[in-house]
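Heads up, the thing below is written out as C-alpha cells.
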Amino acid sequence: MKTSHCLHVWSQSAAAATMEAGVQGIVDWWERVNASTAWQEHIFLGLATACAIISLVALIQLIRIELRVPEYGWTTQKVFHLLNFFVNGVRAAVFCFRENVQALSPEVLQHVLLDLPGLLFFTTYTLLVLFWAEIYYQARSLPTDNLRPAFFITNATIYFIQACIWVCLWWSPSPVVLTVAKVFFAVVSLVAALGFLLYGGRLFLMLRRFPIESKGRRNKLREVGCVTAICFTCFTVRSVIMTLSIFYKGADLDVLYHPILNAIYYTLVEIVPSALVLYILRKMPPKRMGGQYHPIR
C-alpha cells in the first residue's frame, strides 16, 4: 500500500516537474524571440505582407464594383472597400518600416501612425453596423433620418477625443496620458462590439422569423450571422487585450520588442477578421438592377 502511494506521489511530482519545465521552455523561447532582431524583422514583415494582400484584394474588389455599376456613386459597399484598402495599406507601411516608426521624434508621431489605422478600422466596420441598422429600421417602418447623422457625430467625437489625447501626449507624454489613451481605445472597441451585437443580432433574428424559401435568403441570413460573430469577437478581443495592457506591462503592444504579441494581436483583431469579412461580402452587385441599388449584398 505504501509502495503504491509513493509511486502515485512520485508520478504526480514528475508530471508537475515536466509541466513546469515545458512552461519554462515556452517562456524562454518567447523571451529569446522577442530579443532577436531577426525574428522582429521577419514577424513584422509577415504582418506587413498580410495587410498588403488584404489591401490589394479590397482595391481589386472596389475596381470590379466600379466597373460593374459605374452609374452609381459612392455607395456603402464602395466606401467599405475603399476604407479597407486604406486601413490595411497604412498598417502594412507601418509594419514594414516599424523600426523607423519606432524611432520617430517627437514621440507623438509614433502614436498617430500606430493609432490612426485602428480608428479607421473602427469607422470601416461600424459602417456595416450603420447599413444593417438602416435595413432593420426600414423593415420595421421606423424613421432612419437620424442614423447617418448619429454615425457621423459618433465618429467625429471619437476622432476629436483621440486628437486631444495626441495633443496631451505631445505636450506631456506621461504614463497617465498613455493609460487614458489605452482606456479610450478599449472603450471604443467595446462600443463597436456592442453595436454589432445589437444591430447585427436584431437583423439576424428578424431574418430568421421570415420564411427562408430561397437560397438567397439563406445566404443573407448566414452572411449577417457570420459577419456579426466575427466582428463582435474581434472588437471584444481588442478591448480585452487593450485593458490587459493597462495593468500588465508585458502586454504592451506596438513596440519592437514584443513581436509575438503583436503578431497574435493583429492577426486576431484585424488580419483574419478583415480577410473573412471580405470573403463573405465578395458577391458582386448585378449589372442591371431594378429600383434602388442596395450595397453590400
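Quick note: the coordinates plus some simple rules give every number you see, no bench work behind them. Everything quoted here is computed from the prediction, not taken from an experiment. With ideal geometry, Cβ positions are generated from the backbone for all residues, glycine too; neighbour counts draw on all protein chains shown.
Observations on the structure shown:
- Proxy reagent accessibility, fewest Cβ within 10 Å first, across His81, His42: His42, His81
- Base-10 log of normalised Debye intensity for the stretch 35-280 (one unit scatterer per alpha-carbon) at q = 0.10, 0.18 Å⁻¹: -0.52, -1.52
- Likely footprinting exposure, Lys78, Lys283, fewest C-beta neighbours within 10 Å first: Lys283, Lys78
- Segment Arg32-Gln138, length gained on full extension (0.36 nm per residue, minus Cα span): 32.6 nm
- Sites Glu99 and Ala229, calculated FRET efficiency, Cβ-Cβ separation with R0 35 Å, nearest 0.05: 0.45
- FRET efficiency for the Ile153 to Lys283 pair, using the beta carbon distance and R₀ = 51 Å, is estimated at 0.95.
- Net lengthening on full extension, Leu56/Asn146 (0.36 nm per residue, minus Cα-Cα): 29.0 nm
- Sequence of Ser174, Ser189 once ranked by neighbouring C-beta atoms within 10 Å, starting from the fewest: Ser174, Ser189
- Only one residue of Phe204, Val176, Val227 has its Cα farthest out toward the positive end of the dipole of the stretch 35-280, where Lys and Arg carry +1 and Asp and Glu -1 on Cβ, and that residue is Phe204.
- Protection-proxy order for peptides 156-166, 138-148, 112-122, each taking the mean of Cβ atoms within 10 Å per residue, highest first: 112-122, 156-166, 138-148
- Stretching the chain fully between Thr76 and Tyr248 yields a gain of 58.0 nm (0.36 nm per residue, less the alpha carbon separation).
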